[in-house]
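The values are calculated or read from the model by the stated rules, or taken from the named source; none is laboratory data. The shown structure was predicted, so the numbers you read here are calculated from the model rather than taken from an experiment. Virtual Cβ from ideal backbone geometry, glycine too; neighbours counted across all protein chains shown. We work out accessible area using only protein heavy atoms, side chains counted, and drop any ligands, DNA or RNA first. Shrake-Rupley method; radii C 1.70, N 1.55, O 1.52, S 1.80 Å.
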Amino acid sequence: MKQTRNLGLLTFYLLLLTASCKDKVVDKTETASTEVTKPNIIIIYADDLGYGELGVYGATELKTPNLDKLANGGMRFTNGYASSATCTPSRYALLTGIYPWRNKNAKILPGTAPLIIDTAQTTIPKMLKKQGYHTGIVGKWHLGLGSGNVNWNERISPGPNEVGFDYSHILAATQDRVPTVYIEDGHVVNLDPNDPIEINYQENFEGEPTGLENPEMLKMKWHHGHNNSIVNGIPRIGFMKGGAAAKWVDEDMADYFLADAQAYVKRHKNEPFFLYYALQQPHVPRTPHARFVGSSGMGPRGDVIVEADWMIGEFVKTLEAEGLLENTLIVFSSDNGPVVNDGYYDDSEEKLGNHKPAGALRGGKYSLFEAGTRVPFFTYWKGKISPGVSDAMVSQLDLFSSLAALVDSDENTADSKELLDLFLGKSNDGRDEMVIEATSRTAFRKGDWAMIPPYEGPAINRNVNIELANGTDYQLYNLKEDIGQQNNLAKSNPEKLQVMIAAYEAIRGTENTQIQQLELK
Ligand code: NG6
Ligand code: CA
């Protein structure tokens with residue numbers, strides 16, 4: 001009896017010894033020593049995904065199990081913001097940590113626009129590179145390429161590789177804009193030199209069909225805009241000639257980028273890496289792969305959200321299989337709020353049913369109301385971030401300084417707040433105030449309040465059926481009591497309005513507001 005117990009103890013000690021030896025072996029490896037200070041960082045960025053689009057943000061009609069699981073296992077923000085209600089400005093702010101309205105070129109760009117990030121400017125990937133990271137972007141770029149008059153048949157530069165990315169595999173602008181080709185490290189993928197690419201946003205190339213003139217060739221009809229060159233039966237913005245072998249197949253795009261994102265993490269799993277995985281969904285044209293067609297019951301818009309959710313599920317599986325989840329911070333968000341009809345007849349309005357892309361928020365993409373910029377936003381780090389929900393205010397601008405703090409870099413920017421503890425779920429302190437932008441107009445959020453200066457222009461963009469928040473009066477809303485921005489308190493609370501205007505002008509300058517006030521007189 002005693003002997004058996006001793007034997008048992010011996011086995012126990014032997015097991016302990018083996019276990020601690022194993023630990024020591026692991027400790028000596030390169031990976032383990034970098035584990036503490038150099039976690040991998042992945043930003044997954046959706047395109048036009050609204051605040052109410054995920055189950056975890058209250059969606060009931062649309063199923064997003066993979067994103068819900070990730071969000072539920074991490075820190076989810078209910079007051080998380082993109083810097084702008086459109087793509088280019090938000091992406092500019094995300095990567096540089098600078099308010100987009102400080103850069104007059106940070107507007108929705110055509111596919112031929114030059115790069116709008118100065119190659120001397122600091123960016124998240126540049127900052128991380130200095131700390132020993134390998135940096136990659138897979139997916140949508142939309143920050144311009146080249147310095148004007150790009151020759152698409154040579155190496156295209158400057159681009160992502162010149163502003164901090166060691167590796168880039170991108171679509172230049174948007175899925176609805178030419179050139180409709182993938183570009184890897186500055187080279188158009190599958191380009192046949194005998195079939196060179198030409199792009200023009202002003203006029204068509206002779207003999208090339210267009211959406212306007214050749215409706216019989218279309219598998220998707222245009223509603224507004226989007227009637228230039230036809231690629232894969234879909235009319236686009238801009239004219240394109242040549243490059244037949246290089247043209248993407250829209251329905252394969254999600255799988256294409258997923259495979260590349262998976263390959264990237266596998267290639268770089270033995271060094272600290274930063275991956276910016278910029279999804280193209282649910283931006284127009286919505287082209288789900290055949291296996292997702294009908295998956296949402298909501299038409300192509302819902303189907304591509306289900307598709308994106310599945311892609312993220314697969315991507316996380318890869319991280320898990322490679323043993324990377326415990327050493328990787330994942331940030332998920334969207335570049336701007338939702339739009340249902342953004343220029344094509346794709347049944348999204350007809351089949352929307354009870355789904356509310358913006359949740360309880362007013363407005364949408366292009367709008368200064370909340371739905372323009374308040375978006376799904378969460379962080380996930382297995383074993384490191386305790387699951388939770390935070391109502392602290394946080395902007396994508398803040399990723400620059402917070403990620404710098406994470407990797408022990410002393411870089412920061414004036415517009416980017418260091419909120420690392422908030423992102424890691426160790427604090428509930430967010431920002432107190434911020435300027436938000438929408439199609440070159442700006443508004444202000446401070447505490448529970450939102451203030452929108454008067455702006456000329458239509459109250460509603462009828463094409464997309466979204467309230468833009470233009471008006472002749474100041475608007476002031478208490479979001480805590482009125483998340484849907486129905487009660488304008490500007491007149492009944494003039495003191496608060498003045499406080500908001502003063503704080504706004506302290507950041508934005510007086511010019512913007514003064515112009516608006518002059519126009520009112
Ligand atoms: C608009 C397009 C819209 C979309 C948007 C950019 C028209 C009429 N509308 O100009 O379809 O492409 O630009 O979206 O052309 S974003 O998410 O990249 O900012
Ligand atoms: Ca967008």
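Odds and ends about this structure:
- Every condition in (1) away from ligand 2 (no atom under 16 Å from the Cβ); (2) over 21 Å from Leu54 (Cβ atoms) holds for Pro285 except the one numbered (1).
- Filter result for the condition that a residue is within 15 Å of ligand 1 (Cβ to nearest atom) and not assigned by TED's automatic domain parsing to the domain that holds Thr442, over Glu53, Glu61: Glu53
- Residue check for Lys107: within 16 Å of ligand 1 (Cβ to nearest atom) and among the charged types (D, E, K, R): yes
- Of the criteria (1) within 12 Å of ligand 1 (Cβ to nearest atom); (2) under 13 Å from Ser395 (Cα atoms), which one Asn79 fails: (1)
- Scanning the stretch 342-357 for residues that are away from ligand 2 (no atom under 14 Å from the Cβ), assigned to a loop (DSSP other than H, G, I, E, B) and buried (at least 19 other Cβ atoms within 10 Å of the Cβ) turns up Asp346, Ser348, His355, Lys356.
- Here Leu476 clears all of (1) within 21 Å of Ala106 (Cα to Cα); (2) outside any loop (DSSP other than H, G, I, E, B) except the condition numbered (1).
- In the stretch 258-275, residue nearest to His169 (Cα to Cα) [restricted to those that are outside any helix (DSSP H, G or I) and open to solvent by 10 Å² or more (accessible area, probe 1.4 Å)]: His268
- Of note, Lys63 satisfies the criterion of being at pLDDT 95 or above and more than 16 Å from ligand 2 (Cβ to nearest atom).
- Members of the stretch 142-178 found to be of a type in the set (Asp, Glu) and either more than 16 Å from ligand 1 (Cβ to nearest atom) or at pLDDT below 95 (or both), listed by number: Glu154, Glu162, Asp166
- Some residue of the stretch 480-500 being under 19 Å from Phe369 (Cα atoms), among the acidic types (Asp, Glu), in contact with a Phe, Trp or Tyr (Cβ under 7 Å, 6 or more places away or on another chain) and modelled with pLDDT of 95 or more: no
- Residue-level check: of (1) modelled with pLDDT under 95; (2) under 29 Å from Gly164 (Cβ atoms), Ile44 misses just (1).
- Among the candidates Gln486, Gln475, the residue that is open to solvent by 60 Å² or more (accessible area, probe 1.4 Å) and away from ligand 1 (no atom under 16 Å from the Cβ) is uniquely Gln486.
- Qualifying positions in the stretch 95-127 - within 16 Å of ligand 2 (Cβ to nearest atom) and in contact with a strand residue (DSSP E or B) (Cβ under 7 Å, 6 or more places away or on another chain): Pro100, Pro110, Gly111
- Selected residue (only one of Gly343, Gly242, Gly299 is closer than 21 Å to His187 by Cβ and not polar (S, T, N, Q)): Gly242
- Scan the stretch 406-429 for residues that are part of a loop (DSSP other than H, G, I, E, B) and either open to solvent by 30 Å² or more (accessible area, probe 1.4 Å) or at pLDDT below 95 (or both) and the total you get is 12.
- Qualifying residue in the stretch 324-337 (condition: in the same structural domain as Phe77 (by TED's automatic domain parsing), crowded, with 24+ Cβ neighbours inside 10 Å, touching a His at 6+ places or on another chain (Cβ under 9 Å) and under 30 Å from Val407 (Cα atoms)): yes
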